[in-house]
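A quick write-up on the structure given underneath.
The values are calculated or read from the model by the stated rules, or taken from the named source; none is laboratory data. Fair warning: this is a prediction, and the values are worked out from it, not measured in the lab. For neighbour counting, all protein chains shown are included, and Cβ atoms are generated from backbone atoms with ideal geometry for every residue, glycine included.
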Amino acid sequence: SPYQQLRGQAEKIATNRANLKTINGFWWYNRDKSYLTVAGNTKKNQAVYVVIQEKTGKVNILNQKSGITRQQALQQINQSASPKKILNASLGKRGSEFVWDIGYLSKSGKLNYVTYSFRSGEQLNAIKNL
């Protein structure tokens, strides 16, 4: 599948560029631009997110400690909105800022999106009841 192909390419790039020893996550962020993010641990045992801009191939390596993790972003939305179902949670870039973008269904079954700053964890944006 195209998804598996993209994932394979992203994991190869991330492994080479960040010296990954293990990989423990992959997300595809598709808003105004498309980003592929691979989570893993380097050979020096640092937990990192490798964010690849799909079109240009530009790579950013983020230390997971320098921001909120995917798990923390999910905890925040679970506490603030008690969603019925999380649809996706991916790391990407808006302008110059790295963000977690989470799509979820509210208790009433409506589609919602929320965006958190990777660095500070604060909510930057919310789109409700689509």
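Listed conditions (1) of a type in the set (G, A, S); (2) in contact (Cβ under 8 Å) with a residue 40 or more places away in the chain; (3) touching a strand residue (DSSP E or B) at 6+ places or on another chain (Cβ under 8 Å) are all met by G57, apart from (3). Given the structure, is L6 outside any strand (DSSP E or B) and either surrounded by 14 or more Cβ atoms within 10 Å (Cβ to Cβ) or in contact with a Leu (Cβ under 6 Å, 6 or more places away or on another chain) (or both)? Answer is yes for this residue.
Selection of region 68-97 for residues being in contact with a Ser or Thr (Cβ under 8 Å, 6 or more places away or on another chain) and within 25 Å of Q9 (Cα to Cα) yields S90, L91, G92, R94, E97. When region 1-35 is filtered for residues that are under 20 Å from Y113 (Cβ atoms), touching a Phe, Trp or Tyr at 6+ places or on another chain (Cβ under 6 Å) and modelled with pLDDT of 95 or more, only Y35 remains. If the condition is being closer than 21 Å to I102 by Cα and either within 10 Å of the chain's Cα centre (by Cα) or assigned to a loop (DSSP other than H, G, I, E, B) (or both), then region 51-71 contributes V51, E54, G67, I68, T69, R70.
Considering region 71-130, the residues that are within 20 Å of Q53 (Cβ to Cβ) and acidic (D, E) include one that is surrounded by the fewest Cβ atoms within 10 Å (Cβ to Cβ), namely E97.
The lone criterion from (1) outside the structural domain of E11 (by TED's automatic domain parsing); (2) closer than 16 Å to E11 by Cβ left unmet by G25 is number (1). Looking across region 101-115, not a single residue is of a type in the set (K, R) and in contact with a helix residue (DSSP H, G or I) (Cβ under 6 Å, 6 or more places away or on another chain). Of all residues in region 18-54, those that are buried (at least 16 other Cβ atoms within 10 Å of the Cβ), in contact (Cβ under 8 Å) with a residue 24 or more places away in the chain and over 28 Å from A126 (Cα atoms) total 4.
Residues that are over 14 Å from the mean Cα position of the chain (by Cα), part of a strand (DSSP E or B), over 23 Å from L6 (Cβ atoms) and not assigned by TED's automatic domain parsing to the domain that holds I23 are absent from region 76-84 altogether. Within region 104-118, can you find the residues that are in a loop (DSSP other than H, G, I, E, B) and touching a strand residue (DSSP E or B) at 6+ places or on another chain (Cβ under 7 Å)? Correct list: S106, F118.
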